[in-house]
Amino acid sequence: MSNNKPMIIAHRGAKGMAPENTLGAFQLGLDQGCEGIELDIHLTADGEIVVCHDLTLDRTTNGKGRIVEKKLSEIKTLDAGSWFGDEYKGETIPTLNEVMDLVPDWIMINVEIKYAYEGQIEHKLLDLLKQRSRLNNVVISSFDHKCVRRIKLLEPEAKIGLLYQSNLLDPTAYARSFDVDVYSLHPYYQLLDAEDVQKATESGLYVYPYTANAESDLLRLTQIGVSGIITDYPGRLGALYQGRES
Ligand code: G3P
Ligand code: MG
């Protein structure tokens, strides 16, 4: 059996056991031994970066409407925990700044840009990461590859990752076709095979598949040598590593 231990990356925090993208979910991920967290960002009407998956507030809070049309002060009045369970009542949508207050800087943060807001989010994000001296241990990913390319052009020290959900013929060749340096590939986990991983890692790319939860999938991904696994159950992946040792 492979002894490879890909980085444990908590998807939207420990999304399987806590309300996604809240401080409670990130804390639970840390408690369960994650080495990285993945989160999604949007811009508010007053230009703050907040952590939420959807464009709208409807699914994960007691509010309604588009995040970009609300000020941070209004968003902060909303409950982002009760929909998941009473014990999480009072959780709010955190700002990225608040997440960085919670998460120590040796934990990798994978910031996923959900929407570019005509390029505004790129400047705001880079300003914040520079101000917090976090550029070094943050990977900025998106399904919008033009957006992450712009990030890299704006800030050469930024680490950028390509999210994709289609079965690309040659993901490494695609990444290496960029005129900027790509740091990582973030493929949908079911589409990834050993050859893709080998070619990518030999080329110096990190490979962080999303979102694998079943033990059989976690095991397969460790065996094909990925760099990290984005999972809703970070504790499950940690237990799998411990099980190998005992
Ligand atoms: O970044 C990996 C994964 O989060 C991408 O999909 O929809 O869960 O944000 P989604
Ligand atoms: Mg995401």
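Read the figures in this text as sums done on the coordinates, not as results from a lab. Everything numeric here is computed off the predicted structure, so don't read it as measured data. Ideal geometry is used to build each Cβ from the backbone, glycine not excepted, and the neighbour counts take in all protein chains shown.
Within the stretch 171-211, report the chymotrypsin sites (Phe, Trp or Tyr not before Pro) that DSSP leaves as loop and that have at most 16 other Cβ atoms within 10 Å.
178
Between residue 194 and residue 83, what length comes free when the chain is fully extended (0.36 nm per residue of separation minus the Cα-Cα distance, one decimal in nm)?
The residue 194-residue 83 span can extend by a further 36.1 nm.
If we restrict to alpha carbons, what Rg and Dmax does the stretch 1-119 come to, in Å?
Both quantities, over Cα of the stretch 1-119: 14.5, 52 Å.
At 7 Å along the Cα-to-beta-carbon direction for both residue 105 and residue 178, put a label point, then send me their distance in nm to one decimal.
Placing both labels 7 Å along Cα→Cβ, they lie 2.4 nm apart.
Enumerate the lysines that residue 159 could reach by cross-link, defined here as Cα to Cα under 27 Å, with residues fewer than 8 away along the same chain left out.
Leaving aside lysines fewer than 8 places away in the same chain, those within reach of residue 159 are 5, 15, 114, 124, 130, 146, 199.
Return one quarter of the surface area of the convex hull spanned by the alpha-carbon atoms of the stretch 1-65, equal to its mean projected area, in nm².
On the way: hull surface 22.5 nm².
Orientation-averaged projected area of the Cα hull: 5.6 nm².
For residue 72 and residue 133 in the same chain, what is the full-extension length gain: residue separation times 0.36 nm, less their Cα-Cα distance, in nm? Mind showing how you got there, number by number?
Values: separation 61, 0.36 × 61 = 21.96 nm, distance 2.34 nm.
Roughly 19.6 nm would be gained on extension.
Rank these for me by crowding, 216, 142, 184, 227, going from fewest to most other beta carbons within 10 Å. If you can, show how the numbers build up before the last one.
On the way: 216 8, 142 25, 184 21, 227 18.
Ordered by Cβ neighbours within 10 Å, fewest first: 216, 227, 184, 142.
Is the stretch 136-246 best put as rounded, prolate or oblate by its Cα gyration tensor, with a ≥ b ≥ c the root eigenvalues, rounded for a/c under 1.5, and otherwise prolate when a/b is larger than b/c, oblate when not?
Working: a/c = 2.16, a/b = 1.73, b/c = 1.25.
Prolate is the answer for the stretch 136-246, as a/c is 1.5 or above and a/b outweighs b/c.
For every helix of n ≥ 4 consecutive DSSP H residues, a contribution of -39,500 (n - 2.57) applies; sum these over the chain, divide by its total residues, and give [θ] at 222 nm rounded to the nearest 500 deg cm²/dmol.
The helix contribution divided over the chain gives -9000 deg cm²/dmol.
Taking the Cβ of residue 29 as the centre, find all other residues whose Cβ is under 10 Å away and add up their charges (Lys, Arg: +1; Asp, Glu: -1).
-2
How would the chain be classified by its alpha-carbon gyration tensor: rounded, prolate or oblate, with rounded meaning a/c under 1.5 and the a/b versus b/c comparison settling the rest?
Note, shape of the chain comes out oblate.
Arranged by the count of other C-beta atoms within 10 angstrom, fewest first, what order do 159, 114, 146 take? Don't jump to the answer; show the numbers that get you there.
On the way: 159 22, 114 19, 146 10.
In order of increasing Cβ crowding within 10 Å: 146, 114, 159.
Please give the length that would be gained between residue 242 and residue 120 if that part of the chain were fully extended, namely 0.36 nm times their separation in residues minus their C-alpha to C-alpha distance (nm, one decimal).
Length difference between fully extended and current span is 39.6 nm.
Could you tell me which trypsin sites (Lys or Arg not before Pro) in the stretch 1-84 are loop residues by DSSP with no more than 12 other beta carbons within 10 angstrom of their beta carbon?
On the way: sites: 12, 15, 59, 64, 66, 70, 71, 76; in loops: 12, 15, 59, 64, 70, 71, 76.
Passing both the DSSP loop test and the Cβ count: 59, 64, 71.
How large is the dipole of the chain about the Cα centre if only Lys and Arg carry +1 and Asp and Glu carry -1, each at its Cβ, rounded to the nearest 20 debye?
It works out to roughly 200 debye.
Please report the relative contact order for the chain, taking Cα pairs under 8 Å with a sequence separation of at least 6, and give it as a percent rounded to a whole number.
21
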